[in-house]
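To keep things clear, I will list the structure first and then write my remarks on it.
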Amino acid sequence: MGILKFILSLLVAYYVFKFLSRIYLGYIINKFKNNTYQHTTNNTKKEKEGEVTIDKIPKEKSKKNNTGDYIDYEEID
């Protein structure tokens, strides 16, 4: 009888956890989506129309090609 109560309590705890996590995770995901949306709309409102901003200037890549000298060879039969 003790094992039956234990298994039954585990099943009840599992379904309660599943129900509460579904509600709580839905709330967290909606809050995250709304926060991200507000963050992007706030950034676009700061800039005036036609204004150009540069966030990062890329580093120049060196155009050196140190692959070595080309040696022409002949195939020997």
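The values are calculated or read from the model by the stated rules, or taken from the named source; none is laboratory data. Treat the numbers as computed from the prediction; the structure is a model and nothing was measured. A quick note on method: Cβ atoms are made from the backbone with ideal geometry, for glycine too, and the neighbour counts reach across all protein chains shown. We work out accessible area using only protein heavy atoms, side chains counted, and drop any ligands, DNA or RNA first. Shrake-Rupley method; radii C 1.70, N 1.55, O 1.52, S 1.80 Å.
Among the criteria (1) at pLDDT 75 or above; (2) of a type in the set (Ser, Thr, Tyr); (3) surrounded by 10 or more Cβ atoms within 10 Å (Cβ to Cβ), the one Tyr73 does not fulfil is (3).
Here Lys61 clears all of (1) open to solvent by 100 Å² or more (accessible area, probe 1.4 Å); (2) at pLDDT 75 or above except the condition numbered (2).
Return a yes/no flag: does region 34-56 have any residue that is open to solvent by 100 Å² or more (accessible area, probe 1.4 Å), at pLDDT 75 or above, of a type outside the set (Lys, Arg) and in a helix (DSSP H, G or I). Checked against the condition, which is being open to solvent by 100 Å² or more (accessible area, probe 1.4 Å), at pLDDT 75 or above, of a type outside the set (Lys, Arg) and in a helix (DSSP H, G or I), region 34-56 yields no hits at all.
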